[in-house]
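Asker: Can you keep this structure in mind? I'll have questions shortly.
The values are calculated or read from the model by the stated rules, or taken from the named source; none is laboratory data. Model, not experiment: these values are computed from the prediction. Don't worry about glycine lacking a Cβ; one is built from the backbone with ideal geometry, like all the others, and counts go over all protein chains shown.
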Ligand code: C2E
Ligand code: MG
Ligand code: MG
Ligand code: MG
């Protein structure tokens, strides 16, 4: 096993499809094991009220700490998990973990936050995903407003009937939707009217190019459109005070980014809630 392991590590950095495939299968196998051995962790990144700086929400972001490779990006392992179907038990585990965490923070008397959970397109249309989330909410006796579901435009490439069914289940239960990575897909504008998300999360690629005249014009248009459509706008990837000020002055409602905090473990997040930094 040690030999296989060493080889796996080696091929990770080499090009070539054959090796990529081996590497993928190897990682996939390790990921399955990591799930069983509880080696995944949910991190939380604060989302602040742009005007007051108060932490109102958090985004739950999955972390896999590999025993010898360190943190592996979800951008790498989520697609692997989707391919193997592991994404479904993983997703249930994320929801369960987040809800238990909310109950723990409540019991500690911390200020109430809502947590947004990412669901990939495959997860979203998988029968049972939404139902399970709603059952978990009920079992934990949590108000539907405590969970937000983040989806990307790729969801709308799926069967529209199925998507609409899942959306209406969430809507009936009172769980709000955030349209993530807004602006990076194709037909964002038509999806806004057809699927009626409560939040628009502007992709960080826009936020990070605010010093370009074209980008800032587009950003202004997105924020203003969001306001007119009665949506709340969240900017992700805020890294500088300049970006923060720009977004505040345009009345973007929520800010998220390294300027305030990276995604952090639950205990560290609780500390932030208890003792918010000045500013
Ligand atoms: P996302 O949902 O768009 O999450 C935001 C990503 O931006 C996170 O990357 C976060 O760490 C990063 N980020 C936040 N603020 C900043 C900033 O100021 N600067 C920069 N450079 N980056 C910032 P992360 O944690 O690596 O996650 C990547 C993607 O993996 C997520 O993108 C999401 O699509 C997916 N993902 C993560 N956790 C889950 C999960 O539990 N389930 C599913 N289905 N997907 C997940
Ligand atoms: Mg997200
Ligand atoms: Mg995003
Ligand atoms: Mg993203």
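Matching residues to (1) at pLDDT 95 or above; (2) within 16 Å of ligand 4 (Cβ to nearest atom); (3) more than 20 Å from residue 262 (Cα to Cα); (4) crowded, with 17+ Cβ neighbours inside 10 Å:
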| residue | (1), (2), (3), (4) |
| --- | --- |
| 154 | no, yes, yes, no |
| 161 | no, no, yes, no |
| 184 | no, yes, yes, no |
| 198 | yes, no, yes, no |
| 207 | yes, yes, no, yes |
| 220 | yes, no, yes, no |
| 239 | yes, yes, no, no |
| 243 | yes, no, no, yes |
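Asker: Are any residues in region 1-55 in a strand (DSSP E or B) and either crowded, with 16+ Cβ neighbours inside 10 Å or modelled with pLDDT under 80 (or both), and if so, which ones?
Answerer: 40, 42, 43, 44, 45, 46, 47, 48, 55 - these are the residues of region 1-55 that are in a strand (DSSP E or B) and either crowded, with 16+ Cβ neighbours inside 10 Å or modelled with pLDDT under 80 (or both).
Asker: Being more than 16 Å from the chain's Cα centre (by Cα) and either within 13 Å of ligand 2 (Cβ to nearest atom) or surrounded by fewer than 18 Cβ atoms within 10 Å (Cβ to Cβ) (or both) is the filter here; which residues of region 118-133 pass it?
Answerer: Passing the criteria: 127, 128, 131, 132.
Asker: Quick one: is residue 189 over 15 Å from the mean Cα position of the chain (by Cα) and at pLDDT 95 or above?
Answerer: Here the answer is no, as residue 189 does not meet what is asked.
Asker: Quick one: in region 94-117, of everything that is part of a helix (DSSP H, G or I) and either out of contact with any helix residue (DSSP H, G or I) (no Cβ under 7 Å at 6 or more places or on another chain) or without any contact (Cβ under 8 Å) to a residue 40 or more places away in the chain (or both), which residue is surrounded by the fewest Cβ atoms within 10 Å (Cβ to Cβ)?
Answerer: The selected residue is 107.
Asker: Another question, then. Return yes or no: is residue 87 more than 16 Å from ligand 3 (Cβ to nearest atom) and either modelled with pLDDT under 95 or crowded, with 18+ Cβ neighbours inside 10 Å (or both)?
Answerer: It is true that residue 87 is more than 16 Å from ligand 3 (Cβ to nearest atom) and either modelled with pLDDT under 95 or crowded, with 18+ Cβ neighbours inside 10 Å (or both).
Asker: Please state which one of 254, 258 is within 16 Å of ligand 4 (Cβ to nearest atom) and free of Cβ contacts under 8 Å to residues at least 24 places away in the same chain.
Answerer: 258
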